[in-house]
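The values are calculated or read from the model by the stated rules, or taken from the named source; none is laboratory data. In this text, all values refer to a predicted model and were calculated from it rather than measured experimentally. Glycine gets a Cβ as well: all are built from the backbone with ideal geometry, and neighbour counts include every protein chain shown. When the accessible area is computed, the model is the full protein with side chains, heavy atoms only, and any ligands, DNA or RNA have been set aside. Shrake-Rupley method; radii C 1.70, N 1.55, O 1.52, S 1.80 Å.
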Amino acid sequence: MISSRATRVKPSPTLQMNAKAQEMKAEGIDVISFGVGEPDFDTPDNIKEAAIKALKEGKTKYTPVGGIPELKDAIVEKLERDNGLKYKREEIIVSCGAKHTLYNIAQALLDPGDEVIIPAPYWVSYPAQVLLNDGVPVFVETSEKDDFRLNPDMLEEKITDKTKAIIINSPSNPTGQIYDKGSLEAIADIALKHNLYIISDEIYEKLIYDNNTHISIASLSEDIKSKTIVVNGLSKSHAMTGWRIGYAAGPSEIISAMTKIQSQSTSNPTSIAQWAAIEALKGPQDALEEMLREFDRRRRFLVEELNRLKGFRCTMPKGAFYVFANVSGLKGTTSGSRRINSSSDLAMYLLEEAHVALVPGEAFGAEGYIRLSYATSMERLHEGIRRIGQAIEKLQ
Ligand code: PMP
Ligand code: GLU
(Lines give C-alpha, C1' and ligand atoms only; values in the text may rest on other atoms or scores of the structure.)
(Ligands and ions follow the chains in the order given, each with its own letter.)
Protein backbone atom coordinates (compact mmCIF):
# COMPACT_ATOMS: atom_id res chain seq x y z
CA MET A 1 0.00 0.00 0.00
CA ILE A 2 1.32 3.44 -0.80
CA SER A 3 1.49 6.03 1.97
CA SER A 4 -1.35 8.38 2.85
CA ARG A 5 1.11 11.19 2.06
CA ALA A 6 1.35 10.05 -1.56
CA THR A 7 -2.43 10.02 -1.91
CA ARG A 8 -2.72 13.59 -0.61
CA VAL A 9 -1.52 15.20 -3.83
CA LYS A 10 -2.15 14.96 -7.54
CA PRO A 11 0.58 15.11 -10.19
CA SER A 12 1.60 18.67 -11.13
CA PRO A 13 -1.16 19.79 -13.53
CA THR A 14 1.19 22.09 -15.43
CA LEU A 15 3.64 19.28 -16.10
CA GLN A 16 0.75 16.92 -16.83
CA MET A 17 -0.69 19.26 -19.45
CA ASN A 18 2.77 19.49 -20.99
CA ALA A 19 3.04 15.69 -21.07
CA LYS A 20 -0.39 15.43 -22.71
CA ALA A 21 0.60 17.97 -25.40
CA GLN A 22 3.88 16.10 -26.00
CA GLU A 23 1.99 12.82 -26.36
CA MET A 24 -0.34 14.33 -28.95
CA LYS A 25 2.66 15.75 -30.81
CA ALA A 26 4.26 12.29 -30.80
CA GLU A 27 1.09 10.97 -32.43
CA GLY A 28 1.67 13.46 -35.23
CA ILE A 29 -0.92 16.04 -34.08
CA ASP A 30 0.20 19.65 -34.47
CA VAL A 31 -0.49 20.87 -30.93
CA ILE A 32 0.17 24.48 -30.02
CA SER A 33 1.36 24.58 -26.46
CA PHE A 34 0.51 27.51 -24.24
CA GLY A 35 0.72 25.09 -21.34
CA VAL A 36 3.97 24.82 -19.49
CA GLY A 37 5.90 27.79 -18.16
CA GLU A 38 9.23 27.19 -19.82
CA PRO A 39 11.15 29.72 -21.93
CA ASP A 40 11.30 28.60 -25.56
CA PHE A 41 14.74 30.23 -25.89
CA ASP A 42 17.88 28.16 -25.73
CA THR A 43 20.29 28.57 -22.81
CA PRO A 44 22.76 31.34 -23.83
CA ASP A 45 26.03 30.11 -25.36
CA ASN A 46 28.33 31.62 -22.74
CA ILE A 47 26.52 29.54 -20.08
CA LYS A 48 26.79 26.36 -22.16
CA GLU A 49 30.50 27.06 -22.71
CA ALA A 50 31.04 27.37 -18.97
CA ALA A 51 29.42 23.95 -18.50
CA ILE A 52 31.59 22.41 -21.24
CA LYS A 53 34.70 23.89 -19.64
CA ALA A 54 33.73 22.48 -16.23
CA LEU A 55 33.15 19.09 -17.81
CA LYS A 56 36.53 19.13 -19.56
CA GLU A 57 38.25 20.19 -16.35
CA GLY A 58 36.82 17.15 -14.61
CA LYS A 59 34.44 19.04 -12.33
CA THR A 60 32.30 15.96 -12.29
CA LYS A 61 32.45 14.91 -8.63
CA TYR A 62 30.27 15.45 -5.59
CA THR A 63 30.37 19.06 -4.44
CA PRO A 64 29.56 20.47 -0.99
CA VAL A 65 25.88 19.61 -0.35
CA GLY A 66 24.55 23.17 -0.47
CA GLY A 67 26.62 24.25 -3.48
CA ILE A 68 30.21 25.19 -4.34
CA PRO A 69 31.55 28.27 -2.52
CA GLU A 70 32.16 30.06 -5.85
CA LEU A 71 28.45 29.79 -6.73
CA LYS A 72 27.34 30.83 -3.25
CA ASP A 73 29.57 33.90 -3.57
CA ALA A 74 28.06 34.69 -7.00
CA ILE A 75 24.59 34.46 -5.41
CA VAL A 76 25.65 36.70 -2.50
CA GLU A 77 26.90 39.26 -5.06
CA LYS A 78 23.69 38.98 -7.10
CA LEU A 79 21.46 39.52 -4.08
CA GLU A 80 23.41 42.60 -3.08
CA ARG A 81 23.59 44.04 -6.61
CA ASP A 82 20.01 43.36 -7.70
CA ASN A 83 18.06 43.33 -4.45
CA GLY A 84 20.10 45.39 -1.98
CA LEU A 85 20.32 42.34 0.28
CA LYS A 86 23.44 41.44 2.23
CA TYR A 87 23.92 37.76 3.02
CA LYS A 88 26.84 35.65 4.13
CA ARG A 89 27.82 32.41 2.44
CA GLU A 90 26.30 30.34 5.25
CA GLU A 91 22.94 31.99 4.57
CA ILE A 92 22.77 30.51 1.05
CA ILE A 93 21.81 27.05 -0.21
CA VAL A 94 21.75 25.86 -3.81
CA SER A 95 19.29 23.07 -4.69
CA CYS A 96 18.01 21.13 -7.71
CA GLY A 97 15.69 23.86 -9.01
CA ALA A 98 13.57 26.36 -7.07
CA LYS A 99 10.89 23.68 -6.73
CA HIS A 100 13.37 21.63 -4.70
CA THR A 101 14.39 24.74 -2.76
CA LEU A 102 10.75 25.30 -1.80
CA TYR A 103 10.37 21.67 -0.85
CA ASN A 104 13.41 21.87 1.42
CA ILE A 105 11.91 24.94 3.08
CA ALA A 106 8.66 23.08 3.78
CA GLN A 107 10.68 20.17 5.20
CA ALA A 108 12.73 22.45 7.40
CA LEU A 109 9.86 24.60 8.71
CA LEU A 110 6.75 22.50 9.05
CA ASP A 111 5.53 20.28 11.85
CA PRO A 112 2.30 18.30 11.42
CA GLY A 113 -0.69 20.64 11.40
CA ASP A 114 1.32 23.82 10.80
CA GLU A 115 -0.55 26.20 8.53
CA VAL A 116 0.92 28.01 5.56
CA ILE A 117 -0.96 30.92 4.04
CA ILE A 118 -1.07 30.83 0.25
CA PRO A 119 -2.66 33.65 -1.75
CA ALA A 120 -4.91 32.26 -4.50
CA PRO A 121 -4.50 32.04 -7.49
CA TYR A 122 -1.27 30.23 -6.62
CA TRP A 123 1.42 28.25 -8.36
CA VAL A 124 0.36 24.60 -8.40
CA SER A 125 3.15 23.19 -6.26
CA TYR A 126 2.74 25.39 -3.16
CA PRO A 127 -0.26 23.60 -1.62
CA ALA A 128 1.01 20.19 -2.76
CA GLN A 129 4.37 20.71 -1.09
CA VAL A 130 2.75 21.85 2.16
CA LEU A 131 0.51 18.76 2.12
CA LEU A 132 3.46 16.47 1.40
CA ASN A 133 5.11 17.85 4.53
CA ASP A 134 2.10 17.28 6.80
CA GLY A 135 1.20 20.96 6.80
CA VAL A 136 -2.13 22.61 6.06
CA PRO A 137 -2.45 25.04 3.15
CA VAL A 138 -4.70 27.99 4.01
CA PHE A 139 -5.84 30.02 1.04
CA VAL A 140 -6.55 33.73 0.90
CA GLU A 141 -8.54 34.67 -2.17
CA THR A 142 -7.38 37.62 -4.20
CA SER A 143 -9.41 39.17 -6.97
CA GLU A 144 -8.96 40.48 -10.46
CA LYS A 145 -10.22 43.91 -9.42
CA ASP A 146 -7.40 44.17 -6.82
CA ASP A 147 -4.83 43.07 -9.43
CA PHE A 148 -4.72 39.73 -7.61
CA ARG A 149 -2.83 41.28 -4.70
CA LEU A 150 -3.27 40.14 -1.16
CA ASN A 151 -5.64 42.24 0.91
CA PRO A 152 -3.94 42.74 4.32
CA ASP A 153 -7.24 42.49 6.26
CA MET A 154 -8.15 39.24 4.56
CA LEU A 155 -4.67 37.94 5.25
CA GLU A 156 -4.86 38.78 8.94
CA GLU A 157 -8.25 37.06 9.27
CA LYS A 158 -6.68 33.75 8.24
CA ILE A 159 -3.92 33.80 10.84
CA THR A 160 -4.30 31.32 13.71
CA ASP A 161 -1.93 30.06 16.40
CA LYS A 162 -0.95 27.32 13.92
CA THR A 163 0.17 29.69 11.17
CA LYS A 164 3.85 29.32 10.42
CA ALA A 165 4.49 31.08 7.14
CA ILE A 166 3.08 33.10 4.24
CA ILE A 167 4.07 32.45 0.64
CA ILE A 168 4.53 35.48 -1.58
CA ASN A 169 5.19 35.10 -5.30
CA SER A 170 5.99 38.31 -7.15
CA PRO A 171 5.92 38.49 -10.13
CA SER A 172 3.22 35.89 -9.88
CA ASN A 173 2.62 32.64 -11.65
CA PRO A 174 -0.17 32.45 -12.87
CA THR A 175 -1.44 36.06 -12.78
CA GLY A 176 1.69 37.99 -13.83
CA GLN A 177 0.95 40.62 -11.20
CA ILE A 178 3.58 42.17 -8.97
CA TYR A 179 3.51 43.55 -5.46
CA ASP A 180 4.41 47.20 -4.99
CA LYS A 181 6.29 48.50 -1.97
CA GLY A 182 3.17 49.51 -0.06
CA SER A 183 1.58 46.07 -0.36
CA LEU A 184 4.81 44.37 0.67
CA GLU A 185 5.10 46.66 3.70
CA ALA A 186 1.58 45.79 4.80
CA ILE A 187 2.34 42.06 4.53
CA ALA A 188 5.67 42.48 6.33
CA ASP A 189 3.98 44.33 9.21
CA ILE A 190 1.47 41.51 9.64
CA ALA A 191 4.17 38.83 9.46
CA LEU A 192 6.23 40.58 12.11
CA LYS A 193 3.23 41.22 14.35
CA HIS A 194 2.36 37.50 14.34
CA ASN A 195 5.95 36.23 14.19
CA LEU A 196 5.48 34.43 10.84
CA TYR A 197 8.00 33.46 8.22
CA ILE A 198 7.73 34.80 4.69
CA ILE A 199 8.66 32.49 1.85
CA SER A 200 9.31 34.90 -1.01
CA ASP A 201 9.43 33.16 -4.39
CA GLU A 202 11.16 35.63 -6.71
CA ILE A 203 11.88 33.31 -9.63
CA TYR A 204 10.26 35.67 -12.18
CA GLU A 205 12.13 38.69 -10.87
CA LYS A 206 13.93 39.35 -14.17
CA LEU A 207 10.76 39.10 -16.25
CA ILE A 208 9.17 42.47 -15.55
CA TYR A 209 7.71 44.85 -18.13
CA ASP A 210 7.10 48.56 -18.63
CA ASN A 211 8.44 50.67 -15.81
CA ASN A 212 7.68 48.21 -13.06
CA THR A 213 10.37 47.19 -10.63
CA HIS A 214 10.87 44.14 -8.49
CA ILE A 215 11.22 44.63 -4.75
CA SER A 216 12.23 41.80 -2.50
CA ILE A 217 10.20 41.88 0.70
CA ALA A 218 13.40 40.98 2.58
CA SER A 219 14.89 44.33 1.58
CA LEU A 220 12.28 46.36 3.51
CA SER A 221 13.95 46.07 6.92
CA GLU A 222 16.41 43.96 8.89
CA ASP A 223 13.48 42.67 10.95
CA ILE A 224 11.57 41.28 8.01
CA LYS A 225 14.80 39.99 6.42
CA SER A 226 15.36 37.88 9.54
CA LYS A 227 11.94 36.21 8.95
CA THR A 228 12.19 35.81 5.16
CA ILE A 229 13.54 33.04 3.01
CA VAL A 230 14.17 34.42 -0.47
CA VAL A 231 13.78 31.82 -3.22
CA ASN A 232 15.14 32.27 -6.71
CA GLY A 233 16.62 30.24 -9.56
CA LEU A 234 17.92 30.30 -13.09
CA SER A 235 15.19 28.37 -14.92
CA LYS A 236 13.23 31.40 -16.06
CA SER A 237 15.80 34.22 -16.10
CA HIS A 238 18.41 32.33 -18.10
CA ALA A 239 16.32 29.72 -19.92
CA MET A 240 17.88 26.96 -17.80
CA THR A 241 14.87 24.83 -16.83
CA GLY A 242 16.64 21.53 -17.51
CA TRP A 243 19.79 22.42 -15.56
CA ARG A 244 17.94 22.35 -12.23
CA ILE A 245 19.50 25.17 -10.25
CA GLY A 246 17.50 27.03 -7.62
CA TYR A 247 18.63 28.71 -4.44
CA ALA A 248 17.52 30.23 -1.18
CA ALA A 249 18.87 32.95 1.08
CA GLY A 250 17.71 33.28 4.64
CA PRO A 251 18.50 32.94 8.34
CA SER A 252 21.45 30.58 8.80
CA GLU A 253 19.58 28.19 11.13
CA ILE A 254 16.94 27.56 8.42
CA ILE A 255 19.55 27.28 5.67
CA SER A 256 21.56 24.80 7.72
CA ALA A 257 18.43 22.73 8.44
CA MET A 258 17.68 22.71 4.69
CA THR A 259 21.27 21.69 3.96
CA LYS A 260 21.09 18.85 6.46
CA ILE A 261 17.86 17.62 4.82
CA GLN A 262 19.39 17.95 1.36
CA SER A 263 22.44 15.96 2.53
CA GLN A 264 20.11 13.05 3.24
CA SER A 265 17.96 13.36 0.14
CA THR A 266 19.53 14.61 -3.11
CA SER A 267 23.05 15.69 -2.02
CA ASN A 268 24.42 18.50 -4.17
CA PRO A 269 22.80 19.85 -7.34
CA THR A 270 24.68 18.77 -10.49
CA SER A 271 28.30 19.94 -10.35
CA ILE A 272 28.46 21.06 -13.98
CA ALA A 273 25.21 23.01 -13.74
CA GLN A 274 26.61 24.85 -10.73
CA TRP A 275 29.64 26.04 -12.71
CA ALA A 276 27.33 27.12 -15.53
CA ALA A 277 25.17 28.99 -13.00
CA ILE A 278 28.15 31.12 -11.98
CA GLU A 279 28.49 32.26 -15.58
CA ALA A 280 24.74 32.93 -15.75
CA LEU A 281 24.93 35.17 -12.70
CA LYS A 282 28.21 36.92 -13.44
CA GLY A 283 28.53 36.88 -17.23
CA PRO A 284 26.92 39.15 -19.86
CA GLN A 285 23.17 39.56 -19.58
CA ASP A 286 22.33 40.60 -23.15
CA ALA A 287 20.51 37.35 -23.94
CA LEU A 288 18.18 38.07 -21.03
CA GLU A 289 17.44 41.54 -22.35
CA GLU A 290 16.66 40.16 -25.79
CA MET A 291 14.41 37.48 -24.31
CA LEU A 292 12.57 40.09 -22.28
CA ARG A 293 11.95 42.30 -25.32
CA GLU A 294 10.50 39.36 -27.19
CA PHE A 295 8.30 38.30 -24.25
CA ASP A 296 7.02 41.85 -24.02
CA ARG A 297 6.02 41.88 -27.71
CA ARG A 298 4.17 38.57 -27.29
CA ARG A 299 2.48 39.71 -24.09
CA ARG A 300 0.96 42.74 -25.79
CA PHE A 301 -0.12 40.77 -28.81
CA LEU A 302 -1.73 37.99 -26.78
CA VAL A 303 -3.64 40.27 -24.41
CA GLU A 304 -4.97 42.36 -27.26
CA GLU A 305 -6.05 39.34 -29.29
CA LEU A 306 -7.62 37.49 -26.37
CA ASN A 307 -9.64 40.53 -25.39
CA ARG A 308 -11.20 40.49 -28.85
CA LEU A 309 -12.57 36.98 -28.32
CA LYS A 310 -16.12 36.38 -27.19
CA GLY A 311 -16.24 35.54 -23.47
CA PHE A 312 -12.60 36.42 -22.77
CA ARG A 313 -11.35 39.23 -20.53
CA CYS A 314 -7.77 39.74 -19.46
CA THR A 315 -5.71 42.47 -17.89
CA MET A 316 -2.16 43.24 -18.91
CA PRO A 317 0.23 41.17 -16.78
CA LYS A 318 3.18 43.14 -15.40
CA GLY A 319 5.63 40.28 -15.14
CA ALA A 320 6.41 36.58 -15.78
CA PHE A 321 5.25 35.04 -19.10
CA TYR A 322 1.63 34.17 -18.50
CA VAL A 323 -1.71 35.69 -19.37
CA PHE A 324 -4.45 34.80 -16.92
CA ALA A 325 -7.70 35.23 -18.77
CA ASN A 326 -11.17 35.40 -17.26
CA VAL A 327 -13.32 33.04 -19.30
CA SER A 328 -16.31 32.87 -16.98
CA GLY A 329 -18.34 34.44 -19.81
CA LEU A 330 -18.22 31.12 -21.65
CA LYS A 331 -19.76 29.11 -18.84
CA GLY A 332 -22.93 27.35 -19.95
CA THR A 333 -22.15 27.63 -23.67
CA THR A 334 -22.45 24.55 -25.86
CA SER A 335 -21.12 23.10 -29.07
CA GLY A 336 -23.24 20.19 -30.23
CA SER A 337 -23.63 17.88 -27.25
CA ARG A 338 -20.68 19.46 -25.47
CA ARG A 339 -21.33 21.91 -22.65
CA ILE A 340 -18.72 24.14 -21.02
CA ASN A 341 -19.34 24.05 -17.28
CA SER A 342 -15.90 25.03 -16.04
CA SER A 343 -12.51 26.25 -17.20
CA SER A 344 -11.32 22.62 -17.18
CA ASP A 345 -14.07 21.82 -19.69
CA LEU A 346 -12.93 24.75 -21.80
CA ALA A 347 -9.26 23.67 -21.66
CA MET A 348 -10.25 20.15 -22.71
CA TYR A 349 -12.48 21.51 -25.50
CA LEU A 350 -9.66 23.70 -26.82
CA LEU A 351 -7.20 20.82 -26.67
CA GLU A 352 -9.47 18.45 -28.57
CA GLU A 353 -11.16 20.91 -30.92
CA ALA A 354 -8.34 23.38 -31.61
CA HIS A 355 -5.26 21.36 -30.60
CA VAL A 356 -4.24 24.17 -28.27
CA ALA A 357 -2.89 23.25 -24.83
CA LEU A 358 -3.35 25.63 -21.90
CA VAL A 359 -3.89 25.22 -18.17
CA PRO A 360 -7.34 25.63 -16.58
CA GLY A 361 -7.66 28.01 -13.63
CA GLU A 362 -8.72 25.20 -11.27
CA ALA A 363 -5.07 24.08 -11.17
CA PHE A 364 -4.24 27.43 -9.56
CA GLY A 365 -7.30 27.60 -7.33
CA ALA A 366 -9.17 29.93 -9.68
CA GLU A 367 -12.10 28.41 -11.56
CA GLY A 368 -13.35 30.68 -14.34
CA TYR A 369 -9.85 31.47 -15.62
CA ILE A 370 -7.32 29.90 -17.95
CA ARG A 371 -3.57 30.41 -18.02
CA LEU A 372 -1.72 30.80 -21.30
CA SER A 373 2.06 30.80 -21.33
CA TYR A 374 3.46 33.01 -24.08
CA ALA A 375 6.85 31.33 -23.89
CA THR A 376 6.34 30.22 -27.46
CA SER A 377 7.15 31.83 -30.81
CA MET A 378 5.15 34.73 -32.27
CA GLU A 379 4.25 32.53 -35.22
CA ARG A 380 2.77 29.86 -32.93
CA LEU A 381 0.95 32.55 -30.96
CA HIS A 382 -0.71 33.82 -34.14
CA GLU A 383 -1.76 30.31 -35.13
CA GLY A 384 -2.92 29.46 -31.60
CA ILE A 385 -5.08 32.57 -31.40
CA ARG A 386 -6.58 31.80 -34.80
CA ARG A 387 -7.49 28.29 -33.68
CA ILE A 388 -8.88 29.41 -30.31
CA GLY A 389 -10.97 32.03 -32.13
CA GLN A 390 -12.44 29.43 -34.48
CA ALA A 391 -13.27 27.02 -31.66
CA ILE A 392 -14.84 29.77 -29.55
CA GLU A 393 -17.04 30.83 -32.47
CA LYS A 394 -18.60 27.35 -32.38
CA LEU A 395 -19.73 27.82 -28.78
CA GLN A 396 -23.31 29.02 -28.56
N1 PMP B 1 8.16 28.95 -8.51
C2 PMP B 1 7.32 29.29 -9.49
C3 PMP B 1 6.31 30.34 -9.22
C4 PMP B 1 7.37 28.65 -10.73
O5 PMP B 1 6.52 29.00 -11.70
C6 PMP B 1 8.32 27.65 -10.95
C7 PMP B 1 8.31 27.01 -12.31
N8 PMP B 1 8.60 25.75 -12.45
C9 PMP B 1 9.19 27.32 -9.89
C10 PMP B 1 9.08 27.99 -8.69
C11 PMP B 1 10.21 26.24 -9.97
O12 PMP B 1 11.14 26.39 -10.98
P13 PMP B 1 12.42 25.48 -11.08
O14 PMP B 1 12.22 24.29 -10.20
O15 PMP B 1 12.53 25.11 -12.51
O16 PMP B 1 13.58 26.31 -10.61
N1 GLU C 1 6.43 26.54 -13.26
C2 GLU C 1 6.14 26.13 -14.58
C3 GLU C 1 4.64 26.22 -14.83
O4 GLU C 1 3.93 26.70 -13.99
C5 GLU C 1 6.74 24.80 -14.90
C6 GLU C 1 5.95 23.58 -14.54
C7 GLU C 1 6.05 23.20 -13.11
O8 GLU C 1 7.17 23.12 -12.59
O9 GLU C 1 5.00 23.00 -12.52
O10 GLU C 1 4.19 25.85 -15.87
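Observations on the model:
- Taking every DSSP bridge with both residues inside the chain, close to 50 percent are antiparallel.
- Euclidean distance between Cα centres, the range 297-339 to the range 241-293, Å: 34
- GNM result for the chain, Cα springs below 10 Å: residue of THR266, THR142, THR228 fluctuating most strongly: THR266
- In the chain, the longest principal axis of the Cα atoms and the axis of helix 286-308 are about 30 degrees apart.
- Which of ARG371, ARG149, ARG339 is most accessible, then next, and so on - probe 1.4 Å: ARG339, ARG149, ARG371
- Among the GluC sites (Glu not before Pro) found in the range 1-67, those both in a DSSP coil and sparsely packed, with 15 or fewer other Cβ atoms within 10 Å of their Cβ, are GLU27, GLU57.
- Global geometry of the range 82-199, whether rounded, prolate or oblate, following the gyration tensor of its Cα atoms and the 1.5 cut on a/c: rounded
- Computed helical MRE - 222 nm, the chain, DSSP H runs ≥ 4 contributing -39500 (n - 2.57), nearest 500: -12500 deg cm²/dmol
- Rounded to the nearest 10 degrees, the angle from helix 45-56 to the longest Cα principal axis of the chain is 50 degrees.
- Counting every C-alpha pair in the chain, the share spaced more than 41 angstrom apart comes to 13%.
- Excluding ligands, DNA and RNA, the accessible surface per residue across the chain is 43 Å² with a 1.4 Å probe.
- Folded to 0 to 90 degrees: helix 98-109 orientation relative to the chain principal axis, Cα: 60
- Environment charge at GLU279 (Cβ cut-off 12 Å; Lys +1, Arg +1, Asp -1, Glu -1): 0
- Where labels lie 7 Å past Cα in the beta-carbon direction, separation of GLU49 and SER226 in nm: 4.5
- Applying 0.36 nm per residue to the separation of ARG293 and THR213 and subtracting their alpha-carbon distance, the gain on full extension is 27.2 nm.
- Going by accessible surface with a 1.4 Å probe and the largest first, ASP82, ASP223 read ASP223, ASP82.
- Taking only the C-alpha atoms of the range 1-59, Rg followed by Dmax gives 18.3, 48 Å.
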